[in-house]
C-alpha cells in the first residue's frame, strides 16, 4: 500500500474524514459494477465491514440502490450520471475510480450539497505520459505520414525527403500543468535530452528534471520559446478554452502541440487555424472538443494532425494499484480516517 501511494504520487487528505461536515458512519455503500473494467466486489465488501454494500449492474439498478446510500463508488461517466446523483439524496462521499471528475462537479445536485469526493489522479500517469511521448515522437519523426504510406504500400525515400523531421534532443518542452501526468511527461522528456519547463497552480519546489516551474500566468511567455507543448491541465473554469487564438499566435511555426488532458481546454477553431495557416507544425490529440469528433468536422482535414480516441490511459498493466487505493480508501472512509486523493471542489481537481 505504501509503495502504491509513493509510486503514483497519491496524496493523503489533511484532515480525517470524520472531521468533514458530510461524514457519518456509512449506512449503505453502492458499487456501480456496470461501469467497471474489472470487478473486485469481495475486496470492497471486506473493506466495508458491517456496512451493507450493494452491487448495481445497470443504471436502472443504480437509481434504485442509491436512494438511501451514503457512498457511491464507480467509474466516470457512470458515477457522474445526473440521474444517479439526483436519486442519491443521502450521498456523503462520491468515490471515482477515474481521474477526471469535472462533469460531476458541474451537476447542480453536487454543487448544492456538502460532499466529499475522491478520484484516481496519479494512477494512470505513467501510461498517459508514455502516450504523450509517443505522440511527440510520431510527429517529430514524421510517423504520421509514413503510416499513410504504409497503408498504401508505398516505399518512397523521395517522399520521405519531404517530411520535416526533428530531433527532440536539446529542444524545449513546456508542460502545461505539472501535476501527476505532467510530472511523468517531464521525467520521460528529460530522459530524451529535452530541456523541460512547466506551469503549475500553487505548490513549491520542483523536480530535478524540470528547469523552471512557473505560475499559470506565465503560460504565454514560456510558450513562445517552446518546441513542444504538452497540455496536462484538468478541466476547470480557469482552464476551459485556455489554448485560444492568443496562445497559438505566440507559438513557433515549428512547434508541436500535444493534448492528453481534456479537449475543452482548447479552442478548436483556433487550433485548426494555426495548423491550416502553417503557424503550427503539428498536433497530437488524445482528446478533442467536441468529442467524439464528427466525421465531417474540418479538423480531420487539417495538416499534420494525429488523433487517438481518448485512450491514452489504456495498457496491458493489470491495474492493481487502482484497486489497492480504492479498497483502502473505502476502509479509511468507514473508519473516518484521512482519505486519499481528495478532490478540492472549489479548485475543481
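Any read-out appearing in this document is the output of simple, stated calculations on the displayed coordinates, not a laboratory observation. Predicted model only: the values in this text are computed from it and were never measured. So basically every Cβ, Gly included, is an ideal-geometry build from the backbone, and we count neighbours across all protein chains shown.
Once fully extended, how much extra length lies between residue 220 and residue 276, figured as 0.36 nm per residue of separation less the alpha-carbon to alpha-carbon distance? Can you show the working numbers first?
On the way: separation 56, 0.36 × 56 = 20.16 nm, distance 2.11 nm.
That works out to 18.1 nm of additional length.
At 7 Å along the Cα-to-beta-carbon direction for both residue 296 and residue 68, put a label point, then send me their distance in nm to one decimal.
5.2 nm
I'd like the orientation of helix 320-335 relative to the chain: the angle between its Cα long axis and the longest Cα principal axis, in ° from 0 to 90, rounded to 10.
Roughly 30 degrees between the two axes.
For segment 1-133, what relative contact order do you get, as a whole percent, if you take Cα pairs closer than 8 Å and at least 6 residues apart?
Numbers: 204 pairs, mean separation 30.5, N = 133.
Taking the mean separation of contacting Cα pairs over the length of segment 1-133, I get 23 percent.
Cα-based Rg of segment 24-102 per 2.2 N^0.38 Å, rounded to two decimals?
Values: Rg = 11.3 Å, N = 79, 2.2 N^0.38 = 11.6 Å.
After normalising by residue count via 2.2 N^0.38 Å, the value is 0.98.
Once every DSSP H run of n ≥ 4 in the chain is given -39500 (n - 2.57) and the sum is divided by its residues, what mean residue ellipticity at 222 nm do you get, rounded to the nearest 500 deg cm²/dmol? Before the final figure, lay out each step's value.
Numbers: 14 runs with 113 residues, N = 349.
Using -39500 (n - 2.57) per qualifying helix, the result is -8500 deg cm²/dmol.
Calculate the length of the line joining the C-alpha centroid of segment 290-328 to that of segment 123-166, in whole Å.
Taking the Cα centre of segment 123-166 as reference, the centre of segment 290-328 is 18 Å away.
Among the DSSP beta bridges whose two residues both lie in the chain, what percent are antiparallel, rounded to the nearest 5?
Working: 2 of 40 bridges.
If I count the DSSP bridges inside the chain, around 5 percent turn out antiparallel.
Angle check, please: helix 180-191 long axis (alpha carbons) against the longest principal axis of the chain (alpha carbons), in degrees 0 to 90, nearest 10.
40 degrees
Could you tell me how many degrees, from 0 to 90 and to the nearest 10, lie between the Cα long axis of helix 125-140 and the main elongation axis, the longest principal axis, of the Cα atoms of the chain?
20 degrees
Determine the equivalent ellipsoid of segment 125-307 by diagonalising the alpha-carbon gyration tensor, then write out the semi-axes as square roots of 5 times the eigenvalues, largest first, rounded to whole Å.
Working: eigenvalues 135, 75, 42 Å².
Sorted largest first and rounded, they come to 26, 19, 14 Å.
Applying 1/(1 + (r/R0)^6) with R0 = 22 Å to the Cβ-Cβ distance of residue 238 and residue 112, what FRET efficiency is obtained, to the nearest 0.05? Please report the intermediate quantities before stating the final value.
Working: r = 22 Å, r/R0 = 1.01.
So, using R0 = 22 Å, E works out to roughly 0.50.
Provide the packing ranking of 223-229, 173-179, 194-200, 5-11, i.e. peptides ordered by the mean count of other C-beta atoms within 10 Å per residue, highest first.
Working: 223-229: 21.3, 173-179: 26.4, 194-200: 23.3, 5-11: 16.4.
The most tightly packed comes first, giving 173-179, 194-200, 223-229, 5-11.
Measuring from centroid to centroid over Cα atoms, what is the spacing of segment 229-243 and segment 4-65 in Å?
Distance between centres, Cα-based: 29 Å.
How high is the relative contact order of the chain, given as a whole-number percent (alpha carbon pairs under 8 Å, six or more residues apart)?
Numbers: 670 pairs, mean separation 68.0, N = 349.
Dividing the mean separation by the residue count of the chain yields 19 percent.
Provide the FRET efficiency to the nearest 0.05 for the residue 86-residue 155 pair, computing r from the beta carbons and using R0 = 41 Å. Write down the numbers at each step before the final one.
Numbers: r = 58 Å, r/R0 = 1.42.
For R0 = 41 Å, the calculated efficiency reads 0.10.
What ranking, highest mean first, results for peptides 250-260, 99-109 when packing means the other Cβ atoms within 10 Å averaged over each residue? It would help to have the intermediate numbers written out before the result.
On the way: 250-260: 21.7, 99-109: 18.5.
So the peptides 250-260, 99-109, ranked by packing, come out 250-260, 99-109.
Sorted by mean Cβ packing within 10 Å, highest first, what order do the peptides 63-69, 130-136, 301-307 take? Kindly include the intermediate steps, with their values, before the conclusion.
Working: 63-69: 19.0, 130-136: 23.0, 301-307: 16.4.
So the order, starting with the most tightly packed, is 130-136, 63-69, 301-307.
Multiply the residue separation of residue 344 and residue 148 by 0.36 nm, subtract the distance between their alpha-carbon atoms, and state the gained length in nm to one decimal.
Values: separation 196, 0.36 × 196 = 70.56 nm, distance 4.42 nm.
Difference between extended and current length: 66.1 nm.
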